[in-house]
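Here is the structure we will look at.
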Amino acid sequence: MSAPKRRRRAYAPQQISAAIWTVVRQHVAVDTIRLMHVQDAWANIAGRQLAARTWPTAISGDLLVIHVHDSQWLHELTYMRQDLLQRLDVLLPGAAPKLLKLRLGEVLPVAQRPVPESPPPPPKLAPPQFSPEPDAGTRAALDAVSDPELKQILAGARVMLGRP
């Protein structure tokens, strides 16, 4: 009696970003990732003038700690707390903290803050160069294919790649 055939699962291709985020989440705390997202969006959340005098420094659960440059801005921000929380919720849905703690502290100058950089564009690849005739390795690989229809498709594709 032969063994029952196993069904092969078809796995859909994954985006590379999903795989990278899986690795990042294994090594970096969730609150640290959330803090980086808040810091990246802080200029859009607070506005340029306020962002120059404040800086998000920590997240713990639902609490975001913001350092404020001086006591006058600290007082002003107490009135803006709900507005900032709403903006956070709009720009970072699902990751936004629910509470703000404002404290006097060191605020990095805007020029020294980490700036999210866009990656450089990938270099242009030269088109592959194939000879008009397949080499011995390619012919051997085609001969190893047992399905005649697949062999014909692969041979046709190789011929097309060899055209100028």
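The values are calculated or read from the model by the stated rules, or taken from the named source; none is laboratory data. Quick caveat: nothing in here was measured; it's all calculated off a predicted structure. Note that we place each Cβ from the backbone using ideal geometry, even for glycine, and neighbour counts take in every protein chain shown.
Before moving on, here are some points about what is shown:
- Tally of residues being of a type in the set (Gly, Ala, Ser) and either over 19 Å from Leu100 (Cβ atoms) or not in a helix (DSSP H, G or I) (or both) across the range 20-44: 1
- Against the conditions (1) over 23 Å from the mean Cα position of the chain (by Cα); (2) outside the structural domain of Val28 (by TED's automatic domain parsing), Asp83 satisfies every one except (2).
- Within the range 122-164, being among the basic types (Lys, Arg) and within 39 Å of the chain's Cα centre (by Cα) holds for Lys124, Arg158, Arg163.
- Scanning the range 77-91 turns up at least one residue that is without any contact (Cβ under 8 Å) to a residue 24 or more places away in the chain, within 26 Å of Ala52 (Cα to Cα) and in contact with a Leu (Cβ under 7 Å, 6 or more places away or on another chain).
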